[in-house]
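Reviewing the structure listed below.
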Amino acid sequence: MRLRPYIPEKDFEVIRDWIMDPRTHALWCANRFDYPLDEKNLNEVLREIRSRNGDNPFVAVGEDGEAVGFFCCSINPETNEELLKFVIVDPAVRGHGIGKAMLRLAVDDAFGSHKADAVCLHVFAENTPAVRCYESAGFTEEKTDRNAFSYQDESWGRTHMIIRRPGSKCGG
């Protein structure tokens, strides 16, 4: 597996099919993108967050060159932490270590190329499979904000998770 920049013309059609229902969509993106996933809307939001925060979208590709995962990342220059957003893996390969491998590549790149002190992400506490995946990749929970997001008649907590670069002086 390797990471490469997201190419809308090549990757959108694949990624679109990973979001199969409104709840999964909300768990993935907190409804930041339209549902069902629309290429124009996705690309507009990606352009907007790149302009505002410097986010860059990436895909993880398998040996065949097809996308198996997607995420965005940006670095906070004040804290020297990289933030991962919109992490998702093809449901056909979930449970086979693909998410963990993709996250490890992203973390290695953040610590290596970007010299980040830490990599963090937010996940809804109710998204238990994602939380387990992040933990298996080395992320630990820092805090959970209760009732951070409402979906239909549910109230979800938002968990902040982090992995620190070995030897880093950041955080606690």
Inter-probe distance in nm under a simple model that places probes 7 Å from Cα toward Cβ, at Ser150 and Tyr35: 1.6
Range in the chain, longest, excluding exposed GluC sites (Glu not before Pro) [loop by DSSP; at most 15 other beta-carbon atoms within 10 Å]: 79-172
Dipole-positive endmost among Gly95, Thr140, Met1 within the chain (Cβ charges, Cα centre): Thr140
MRE, 222 nm, helices only [DSSP H, n ≥ 4, -39500 (n - 2.57), over the chain, to nearest 500]: -10000 deg cm²/dmol
Estimated inter-spin distance, Asn43 and Arg23, nm [label 7 Å along Cα→Cβ]: 3.3
Mean projected area in nm² (Cα convex hull; one quarter of hull surface) for the chain: 9.9
Highest-fluctuation residue, Pro57, Pro129, Pro77 considered, GNM on the chain with Cα pairs under 10 Å: Pro77
For the range 2-117, with +1 on Lys and Arg beta carbons and -1 on Asp and Glu, the positive-most of Phe33, Leu83, Ile19 along the dipole: Leu83
Amide N of the range 127-150 lying under 20 Å from the label point, which is placed 7 angstrom from the Cα of His114 along Cα→Cβ: 131, 133-143
Dmax and Rg, reported as Rg then Dmax, of the range 97-172 (C-alpha, Å): 13.6, 44
Size of charge dipole - the chain - debye, nearest 20, with Cβ of Lys, Arg +1 and Asp, Glu -1, no other charges: 560
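Since every read-out is calculated from the coordinates, none of them should be taken as a lab result. Predicted, not measured: the structure shown is a model, and the values here were computed from it. Here the Cβ is made from the backbone with ideal geometry for all residues, glycine too, and neighbour counts use every protein chain on show.
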